[in-house]
1. Take the stretch 69-88 and flag every residue that is within 12 Å of ligand 1 (Cβ to nearest atom) and part of a strand (DSSP E or B).
2. Of all residues in the stretch 93-106, how many are at positive phi and either surrounded by 13 or more Cβ atoms within 10 Å (Cβ to Cβ) or within 16 Å of ligand 1 (Cβ to nearest atom) (or both)?
3. When you check residue 87 against the structure, is it exposed (fewer than 13 other Cβ atoms within 10 Å of the Cβ), modelled with pLDDT of 95 or more, over 18 Å from the mean Cα position of the chain (by Cα) and farther than 30 Å from residue 135 by Cβ, yes or no?
Ligand SMILES: [Fe+2]
Ligand SMILES: [Fe+2]
């Protein structure tokens, strides 16, 4: 019982994204490749899904835009994936269809999270998640102040 409560608290707090890449269908004698990363998950019926949006790479001097919401999660051995399928925008009087699976979940970048997710972390206690941008690292050593020994 105690074990189950901890796991749900952890899953609720862990925001993740998925990377994806693929290739559209061939239409008008060409296809487009694309890569992207989804947004963090939103809760939907049956689990969670991710919004995504990207621009394809250039082919035949044009690009298409792709956007939508992924399928719900599909459990796989090391986590879960989602399926992205739809139709690109119409550009140059045609569109393409696509159907790919994302990669495994990964942590979003530039987000501060607790270092330890064990049962004693603040997150497991039910404290609200701190999601602040990571502070910029100082690249050069600080100059010594006047009157201060270096
Ligand atoms: Fe996911
Ligand atoms: Fe095209």
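The values are calculated or read from the model by the stated rules, or taken from the named source; none is laboratory data. As the structure is a prediction and not an experimental result, all values here were calculated from the model. Glycine also receives a Cβ, built like all others from the backbone with ideal geometry; neighbour counts cover every protein chain displayed.
1. Across the stretch 69-88, the qualifying residues are 69, 74, 75, 76, 79, 80, 81, 83, 84.
2. The initial filter retains those residues of the stretch 93-106 that are at positive phi, namely 93.
This time we only want the ones that are either surrounded by 13 or more Cβ atoms within 10 Å (Cβ to Cβ) or within 16 Å of ligand 1 (Cβ to nearest atom) (or both), so: none.
Summing the residues that are at positive phi and either surrounded by 13 or more Cβ atoms within 10 Å (Cβ to Cβ) or within 16 Å of ligand 1 (Cβ to nearest atom) (or both) in the stretch 93-106 gives 0.
3. no
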